[in-house]
Amino acid sequence: MALRLHNTLSGQLETFVPLDPGRVTLYACGPTVYDHAHVGHARAAVAFDLLVRHFQALGFEVTYARNYTDVDDKIIRRAEEKGEDWRALAQRHTESYAEDMAALGCLEPTHTPRATDYIQAMIEDIGAIMDRGLAYQLEGDVYFDVAAYPAYGRLSRRTLEEQQAGARVAVDERKRSAADFALWKAAKAGEPAWPSPWGPGRPGWHIECSAMSFRLLGAAFDIHGGGLDLIFPHHENELAQSGALGRTMARFWTHNGFVRLNNEKMSKSLGNFFTVKDILKKFGGETLRFLLASKHYRGPLDFSDEALIEAEKALERVYRALAAAREYMAGQSPDQDRSSPFLDKFQEAMDEDLNTAKALGVVFDLVRILNRAVQEGRPGEAAAFFAALESMGERLGLWRQDPEDFFKTLAPGREDELAPEEIEKLVAARAAARAAKNWAEADRFRDELLARGVLLEDKGGATAWKFVR
């Protein structure tokens with residue numbers, strides 16, 4: 001089955017074929033570094049990290065660029081509030097973001113360009129757009145003329161009226177149209193500025209990614225990604241700028257869904273966000289990554305402490321199974337044919353628009369059968385299932401730790417080891433269920449015990465148990 005991805009440009013699932021055989025080029029919009037990364041940033045980073053890992057597993061060479069916007073109104077305002085140099089503030093939060101994404105198991109992108117390193121490239125592009133009659137100067141500002149570019153709106157499918165209503169900033173009455181957007185901003189007193197043909201100033205936000213993606217990936221590349229909130233105006237404006245310069249830009253536009261808190265989009269503007277650092281004080285980075293991967297990347301994700309606890313419990317089930325199997329099957333050759341159906345189903349799920357939710361369903365089917373193979377004494381099958389589970393984890397960037405190291409990261413209050421008398425009661429209840437041929441109930445008792453660190457072994461008509469941590 002070929003990989004099919006949703007393309008915002010067409011509004012449909014499309015079979016992905018790269019421009020260059022064997023190589024994938026991907027650009028994802030990164031953060032504006034005026035504060036620490038929040039869960040929304042983490043969701044985007046994990047979504048595109050999963051896509052990169054999937055391409056690599058398929059055998060592609062991946063060139064992945066994710067930028068930092070390191071000069072912006074928000075950065076300047078925050079630096080003024082803190083009495084800090086804007087460069088130092090941006091650098092500090094750039095390092096903080098990279099640290100947080102590493103804690104979530106995200107691979108380092110091939111390129112991590114900073115906007116301030118490409119100012120001259122942006123000036124060149126703005127000049128070329130003006131030469132083509134698609135931008136105009138107002139004193140020291142330069143605006144893209146939306147009305148002069150008929151293809152504007154094809155990504156977001158917005159009418160001119162909707163474009164004007166969707167503007168993110170106050171309307172400048174000098175502009176030809178409310179939808180026109182800034183390519184260059186004239187310098188204000190005390191703000192950072194660079195020399196340009198239009199006077200000192202700095203680039204608008206949208207031109208940054210157009211200039212950087214072209215220099216790093218070329219006039220046409222495979223995929224451009226970001227959050228749903230970037231479709232308009234940011235990505236629409238990027239596409240217009242690049243098209244004005246005769247550049248195709250991305251063939252696929254891929255967008256991840258919002259994170260919600262109490263059914264409301266999580267965002268800094270609403271004040272209802274959690275930083276990654278806050279979460280990492282209570283939970284391991286892998287737990288947050290599991291939660292982010294547990295839903296399809298394009299859908300909404302409901303965030304709460306309860307959801308994180310459930311994610312941690314699910315991860316613990318996997319680690320328990322791995323720990324028990326590793327101890328049991330040492331030196332055993334795997335029976336690969338037994339695991340192939342699970343690997344095939346996992347592959348199909350990931351090829352289905354990166355459906356990690358469905359892929360994790362396959363994972364837990366495999367966890368159950370791995371536990372059964374261990375408990376029923378089938379070491380060859382257990383070895384095959386163990387290897388398949390590790391392969392899936394590598395694809396997802398999950399359960400890559402030693403189980404004992406993971407158990408040490410469990411959130412406070414999750415140390416719930418059973419007393420021996422409680423274990424014996426559950427073992428007896430399982431035996432009664434088996435005698436009544438209620439296999440589903442028997443499996444439930446077995447899985448509950450394993451989730452709490454107790455491995456059952458059925459031998460010679462009796463059941464023995466032991467702790468696996």
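Quick notes on this structure:
- Residue match in segment 240-254 (condition: touching a strand residue (DSSP E or B) at 6+ places or on another chain (Cβ under 7 Å), farther than 30 Å from V146 by Cβ and among the small types (G, A, S)): no
- Positions within segment 227-249 being out of contact with any Asp or Glu (no Cβ under 8 Å at 6 or more places or on another chain) and on the phi > 0 side of the Ramachandran plot, in sequence order: G246
- For segment 287-300, the candidate set comprises residues that are crowded, with 23+ Cβ neighbours inside 10 Å and touching a residue at least 60 places away in the same chain (Cβ under 8 Å); within that set, the residue that is farthest from the chain's Cα centre (by Cα) is T287.
- Y27 vs. criteria modelled with pLDDT of 95 or more, under 29 Å from R395 (Cβ atoms) and either surrounded by fewer than 19 Cβ atoms within 10 Å (Cβ to Cβ) or not β-branched (V, I, T) (or both): yes
- When segment 303-317 is filtered for residues that are outside any helix (DSSP H, G or I) and buried (at least 16 other Cβ atoms within 10 Å of the Cβ), only F303 remains.
- Residues of segment 318-341 satisfying the condition of being assigned to a helix (DSSP H, G or I) and surrounded by 19 or more Cβ atoms within 10 Å (Cβ to Cβ): V318, Y319, R320, A321, L322, A323, A324, A325, Y328, S339
- The criterion of at least 1 residues that are surrounded by 15 or more Cβ atoms within 10 Å (Cβ to Cβ), on the phi < 0 side of the Ramachandran plot and at pLDDT 95 or above is met by the following helices (runs of 4 or more DSSP H) wholly inside segment 350-461: 356-375, 379-396.
- Of the residues T94, T69, the single one that is of a type in the set (S, T, Y) and surrounded by fewer than 20 Cβ atoms within 10 Å (Cβ to Cβ) is T94.
- Residue check for P334: out of contact with any helix residue (DSSP H, G or I) (no Cβ under 7 Å at 6 or more places or on another chain) and outside the structural domain of Q12 (by TED's automatic domain parsing): no
- Residue within segment 129-143 that is surrounded by 18 or more Cβ atoms within 10 Å (Cβ to Cβ), out of contact with any strand residue (DSSP E or B) (no Cβ under 6 Å at 6 or more places or on another chain), under 25 Å from L26 (Cβ atoms) and at pLDDT 95 or above present: no
- Index of the failed condition, D100 passing every other in (1) out of contact with any Lys or Arg (no Cβ under 8 Å at 6 or more places or on another chain); (2) in a helix (DSSP H, G or I); (3) charged (D, E, K, R): (1)
The values are calculated or read from the model by the stated rules, or taken from the named source; none is laboratory data. Quick caveat, the model's predicted, so the values are computed rather than measured. Quick reminder, even Gly has a Cβ in these numbers, built from the backbone with ideal geometry, and neighbours come from all protein chains shown.
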